[in-house]
Ligand SMILES: Nc1ncnc2c1ncn2[C@@H]1O[C@H](COP(=O)(O)OP(=O)(O)OP(=O)(O)O)[C@@H](O)[C@H]1O
Ligand SMILES: [Mg+2]
């Protein structure tokens, strides 16, 4: 088995006429925690959605275990997507189903398990994220942070080899956020899950990152390990890690 | 190029700022001109005054002239520093005048794109409603039952009421015309023919598009906006299979039932007026009604019902999935879906009328 799980090469993406990603290339290795960082609106979510096949690029290739997902037909893509877990920025929980049913959804569709086992697995996954008591609540009854965690529980429902996670700690209190970081590290250790995580939080970057990709207005400006990032000579990367503000926020209006 | 000079007031606020803009306006700066604001007498300014200054910068940028300022000090200088990016980026949008051909082309392109999307949706929906389940690829019967209840059972009362009242109104209208000649009994014919061929199907379709069509669009649009659709696709689930197919099959079952109910309700409504107001004896009225009833008319109404059902679900889903931009988009798309529903109800009706009365001839024999 090769070391590279996901490989993005020369990805160009537009929304309408606006260029959002400009020739982005990177690779995610098996078993690592790969972080995508960068300022608000720089295209992190867009990159994540391309990596998971939810958007199709203008040009470029995205290879998942060696197969190019931009060339796949709908059925192949759906099959590939069953092997990954995605937790969305706004959680993506189905509002018409209870939290428990949300987590059970992929299990029921593909898990080939009995209803009793599914129920037990739902409980297990929810308790992993500290949400066991919320199984029978509706998503609208949860706080933002609880939804995030429920979304993660659903993403790991099928024990996928790789989980994509959009801004896990946004909207969580520091204790919960740090707990989530521990959880991510534990999941990697116990289940060998590879993580691709979009985040802003410096603390959690320092805690979990193996390698980091930094985007700025759709361009890759840095890619490397955490220690390389901290000592990087790229001005914006240094600025990010030192938490220095732009002279004028508004000047960077795009 | 010329340089204009304006002296700023001691305090730049809402009122004085507006006056300053008026002055700048009266100078009629031309392309390449420079307008210099002199702040040497200005001791204070607030954010409304600052906003007027941005407005001046916009005005100048629009005329391709330049804004400069001098003599600012202390508090005012700090404030100007703060708003400077706003002054520099004042003119960012260039409104290029589009030629008429360009506009027509752009619109045609947009509608072609939308039509292509709709076409794909139709293919997907047909596949997952008919072929998919037959191939054993799964159909969500649980959701189907919920939808039948929501679309059908809960619409029974309102649909009955609407058709009943419409029957009453049609009876009133036609009675006013023909009862004068002592032919009141023939109102019964008008009612049953009208309701079986046209009115029940149309009235029901309007009720259903306002209830169900709007609900479908709002539901899908909200799901799209909240990344629920992405989440489904991200789990490898097909949206057409998961959400659309159960709705289509549900409405295909529900709609004929509602239309049948509508026919009965309309006929009852007409009968109430015929018997109570025109004064026809009940047995005569119902005898006449049964005489005028025709299987062909009923089948025509039912066929329309099926077409309306498919159309309402597809239009609802199409608009829901096209939503962009937050809660406002959801509202816009819902409105659009209902308007499109009403429009296509008429279009389908016209097609039926043409086919039945002109191509198959009016003596349709089933
Ligand atoms: N559906 C869309 N249609 C048009 N433009 C979009 C759409 N989604 C995002 N954009 C634009 O694309 C750019 C990148 O968006 P993206 O959501 O990837 O940013 P992000 O890096 O995830 O930001 P954040 O950290 O705030 O979540 C933004 O400038 C945004 O305005
Ligand atoms: Mg984002």
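Name the single residue that is surrounded by the fewest Cβ atoms within 10 Å (Cβ to Cβ) among those in segment A:178-215 being within 16 Å of ligand 1 (Cβ to nearest atom) and without any contact (Cβ under 8 Å) to a residue 60 or more places away in the chain. My answer is A:202. Farther than 19 Å from residue A:52 by Cα, part of a loop (DSSP other than H, G, I, E, B), away from every other protein chain (no Cβ under 14 Å) and within 18 Å of the chain's Cα centre (by Cα): does that describe residue A:179? Answer is no for this residue. Go through (1) free of Cβ contacts under 8 Å to residues at least 40 places away in the same chain; (2) under 45 Å from the mean Cα position of the chain (by Cα) one by one and return the number of the condition residue B:68 breaks. Exception for residue B:68: condition (2). With respect to the stated conditions, residue A:99 is surrounded by 23 or more Cβ atoms within 10 Å (Cβ to Cβ), away from ligand 1 (no atom under 16 Å from the Cβ), modelled with pLDDT of 90 or more and over 19 Å from residue A:160 (Cα atoms). Considering only residues in segment A:47-63 that are within 11 Å of ligand 2 (Cβ to nearest atom) and within 12 Å of chain B (Cβ to nearest Cβ), the one that is nearest to residue A:194 (Cα to Cα) turns out to be A:48. Only one of the numbered conditions (1) within 16 Å of ligand 1 (Cβ to nearest atom); (2) part of a helix (DSSP H, G or I) is not met by residue A:40, and that is (2).
In segment A:46-60, is there at least one residue being on the phi > 0 side of the Ramachandran plot and part of a loop (DSSP other than H, G, I, E, B)? Within segment A:46-60, one or more residues are on the phi > 0 side of the Ramachandran plot and part of a loop (DSSP other than H, G, I, E, B).
Rundown of residues vs (1) at pLDDT below 85; (2) assigned to a helix (DSSP H, G or I), yes/no style:
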site	(1), (2)
B:40	no, no
B:51	no, yes
B:56	no, yes
B:87	yes, yes
B:116	no, yes
B:146	no, yes
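Considering (1) surrounded by 15 or more Cβ atoms within 10 Å (Cβ to Cβ); (2) under 46 Å from the mean Cα position of the chain (by Cα), the lone condition that residue B:22 does not fulfil carries the number (1). In segment B:70-93, is there at least one residue being away from chain A (no Cβ under 14 Å) and under 30 Å from residue A:17 (Cβ atoms)? Checking segment B:70-93: not a single residue is away from chain A (no Cβ under 14 Å) and under 30 Å from residue A:17 (Cβ atoms). Suppose we filter segment A:76-101 for residues that are part of a helix (DSSP H, G or I), facing chain B (nearest Cβ under 9 Å) and out of contact with any strand residue (DSSP E or B) (no Cβ under 9 Å at 6 or more places or on another chain); how many remain? The total comes to 5.
The values are calculated or read from the model by the stated rules, or taken from the named source; none is laboratory data. Since this is a predicted model, take the numbers as computed values, not measurements. Here the Cβ is made from the backbone with ideal geometry for all residues, glycine too, and neighbour counts use every protein chain on show.
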